[in-house]
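**Student:** Attaching a single structure in structure tokens format; questions to follow.
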Amino acid sequence: MAPKPSPAVKAKSKIIQAAEKRWAFSVAVILKGKAKPITVWEVLLPVLFIFNYARARVDRDIFVDNLLFTKELALSAAREMVEHGRDKEAALESARRSTEDLLAKVEEEVYSARIRDEQLKEIELLADHYGRLLKAEGEDFETLVRNAYPSKDDYLEFLGRLKEIERAVGRAALETVGRKGDPAYVARMAEAIDRVRARALERIFPG
């Protein structure tokens, strides 16, 4: 019989999901009206975005849902580790399968093995991060982060590593799509992400 889900882990997962959705929504608000069909973000985001973006143009709900793709896979892996005691390699197997399926379904000019490799690095980093949050005490996201990271500098180190990996995903995507890519839009998204995270950092570690 499979172990019952932990109410505490389930509650913290919902807190994390809500915080990440607010983050993605905030990024979407900043970029509203700047997105264009047939951009590199058809590559960075998963199948739903690839098949719906040109038709929906700037559909914020689709944008937000797909911006959370790697984060949802990472949170699922973190729950497997914290709740069921699985080692990280086993917990990440579902993410590997999901991205492998995507690689098989999408043309290599759109989604490449290199993009997948960089995304898996992002998922692994986020799984460790979410695992720390799930083990921390707190009833809101800011408190979870403060209790999971001994200091602001420790959290900044994590954010720096995440930013580096996200930029690597962007570079891999631009190389994959070639002329179809939109480096300026990728740069604007990176700036929007930085702005939203900077505001969140002030709420988590004020002063």
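**Student:** Please arrange Met189, Met81 by how many other C-beta atoms lie within 10 Å of their C-beta, fewest to most. Show your work: numbers first, answer last.
**Tutor:** Numbers: Met189 24, Met81 20.
Listed from fewest to most nearby Cβ atoms, that is Met81, Met189.
**Student:** I've got another one for you. Kindly put Ile115, Ile30, Ile62 in sequence by how many other C-beta atoms sit within 10 Å of each C-beta, fewest to most.
**Tutor:** Lowest count first: Ile30, Ile62, Ile115.
**Student:** Students often forget the sequence filter, so: which lysines lie under 20 Å Cα-Cα from Lys10 once same-chain residues fewer than 8 apart are removed?
**Tutor:** Leaving aside lysines fewer than 8 places away in the same chain, those within reach of Lys10 are Lys21, Lys71, Lys88, Lys135.
**Student:** Exactly which trypsin sites (Lys or Arg not before Pro) in segment 85-155 are in a DSSP loop and have at most 16 other Cβ atoms within 10 Å? Write out the running numbers ahead of the final one.
**Tutor:** Values: sites: Arg86, Lys88, Arg96, Arg97, Lys105, Arg114, Arg116, Lys121, Arg132, Lys135, Arg146, Lys152; in loops: Arg86.
Passing sites in segment 85-155 are Arg86.
**Student:** Right, here's the next one. Around Asp87, with a cut-off of 15 angstrom between Cβ atoms, what is the net charge of the other residues, counting Lys and Arg +1 and Asp and Glu -1?
**Tutor:** Summing Lys/Arg as +1 and Asp/Glu as -1 gives -2.
Throughout, read-outs are computed from the coordinates displayed, never taken from laboratory work. These figures come from a predicted structure and were not determined experimentally. Backbone-built Cβ (ideal geometry, glycine too); neighbour counts: all protein chains shown.
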